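Note sheet for the following structure.
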Amino acid sequence: MKVNLKKTGGVISMEVFQTISQRRSIRRFKKEDIDESLVEKIIQAGVWAPSAGNLQSWELILVKNRRTKEKLSEAAYMRDFIAKASLIMIPCINQRVSGTVYGNRGVELYSIQDVSCAIENMLLMAHALGIGACWVGAFDEQQVTDLIGTPSYVRPVALVPMGYPDEKPYPPPRRDVADFLHFEEY
Ligand SMILES: Cc1cc2nc3c(=O)[nH]c(=O)nc-3n(C[C@H](O)[C@H](O)[C@H](O)COP(=O)(O)O)c2cc1C
């Protein structure tokens, strides 16, 4: 199924779609540091993500310290591109925020959805600003929480190393829409 963007919204929607479809996970970074003002813009894009009850149940830790970056890359099973990033964002969920209002569903579902929306917004904004990033989910959670000192109700959900891209990966294939789209029932 193809959507005709010209019919649905013209130039702007085409730009949005291009930003979405041309973003890639970047795993090789230049040595250059990212400008603070760009980091602020990326975070602002996260701020405007939707969240259950608008509770914005996320926390965000920024790591620039070289030694901490190395330790984080060890916690991520020695993926050393992580240590080479200009900075590492660690988006977390605050289970108390969503849990207080929505109980178990807030802790187990909404908070993760909230922060995931914020992460995707930030990945897209980073890409639009010429900055590369990768969502890394494979890490030893205990090692990471020990390193960054989060309390038990604040759970890191990803490591997001960011930096100026030093690669242009070929787009990995996507499933055909017809493969997963169901009409009216499964
Ligand atoms: C929840 C989640 C976890 C991921 N974990 C990792 C990871 O641990 N290591 C990694 O290199 N990439 C990880 N990725 C990135 C995916 O490999 C990547 O998004 C996918 O291959 C599609 O490529 P693209 O982002 O360039 O479109 C993760 C992505 C998501 C959404």
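What the table shows:
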quantity: Percent RCO, i.e. relative contact order, over the chain, from Cα pairs under 8 Å lying at least 6 residues apart; calculated: 32
quantity: Footprinting exposure proxy for Asp33, Asp179 (fewest neighbouring C-beta atoms within 10 Å first); calculated: Asp179, Asp33
quantity: Relative compactness, region 34-164, computed as alpha-carbon Rg over 2.2 N^0.38 Å; calculated: 1.01
quantity: Distance in nm between pseudo-label sites at Ile12 and Tyr77 (7 Å out along the Cβ direction from Cα); calculated: 4.3
quantity: Separation of alpha-carbon centers, region 53-95 and region 112-148, rounded to whole Å; calculated: 7
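Any read-out appearing in this document is the output of simple, stated calculations on the displayed coordinates, not a laboratory observation. Computed from a prediction, not measured in an experiment: that's the story for all the values here. When we count neighbours, we look across all protein chains shown, and the Cβ atoms used for this are built from the backbone with ideal geometry, even at glycine.
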